[in-house]
Amino acid sequence: MTRHKILGILIKDRIKEAGKTQTVLSGYGNIISMRLGTHELSDSKNSRVGMIVLTLSGDESLWPNLEKDLNEIGGIEVKDIEFNV
């Protein structure tokens with residue numbers, strides 16, 4: 001059976017938390033197989049709220065460490081979905 005994991009990350013204040021989040025994600029780049037980030041755009045300003053979706057692969061023993069490190073950043077929320085195929 002193969003495990004597949006998707007992480008959803010809500011960044012409540014991109015200006016404040018994006019740098020910390022990027023540092024953590026870069027440290028786990030070897031287990032992130034896909035990364036998609038988005039935030040609301042308008043003509044007047046960019047939203048301070050952002051979302052990132054990750055798919056994880058590789059060394060499964062590192063998956064909980066990534067989630068733990070992300071959860072230690074204030075101002076973000078992490079949710080996960082796991083599939084066994």
Please name whichever of Gly27, Met51, Ile6 sits farthest to the positive end of the charge dipole of the chain, dipole taken about the Cα centre and charges placed at Cβ: Lys and Arg +1, Asp and Glu -1. Met51
State to the nearest 20 debye the size of the charge dipole of the chain about its Cα centre, where the only charges are +1 on K and R beta carbons and -1 on D and E beta carbons. 200 debye
Connecting C-alpha atoms closer than 10 Å in a GNM of the chain, tell me which of Asp13, Asp69, Asp59 has the biggest fluctuation. Asp59
Rounded to the nearest 500, what is the chain's calculated 222 nm mean residue ellipticity when only DSSP H runs of at least 4 contribute -39500 (n - 2.57) each, over all residues? -8500 deg cm²/dmol
Straight distance only, please: which aspartates and glutamates reach the Cα of Lys68 with their own Cα at less than 15 Å, same-chain residues fewer than 8 apart left out? Glu60, Glu77, Asp80
Filtered GluC sites (Glu not before Pro), the chain: DSSP coil and at most 12 other beta carbons within 10 Å: Glu72
Quick one: compute the contact order of the chain, relative version, from alpha carbon pairs under 8 angstrom and 6+ residues apart, as a percent. 50 percent
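Looking at the chain, which trypsin sites (Lys or Arg not before Pro) are DSSP coil and have at most 15 other C-beta atoms within 10 Å of their C-beta?
Lys12, Lys45
Any read-out appearing in this document is the output of simple, stated calculations on the displayed coordinates, not a laboratory observation. These numbers come from a predicted model, not from an experiment. Note that each Cβ is placed from the backbone with ideal geometry, even for glycine, and that neighbours are counted across all protein chains shown.
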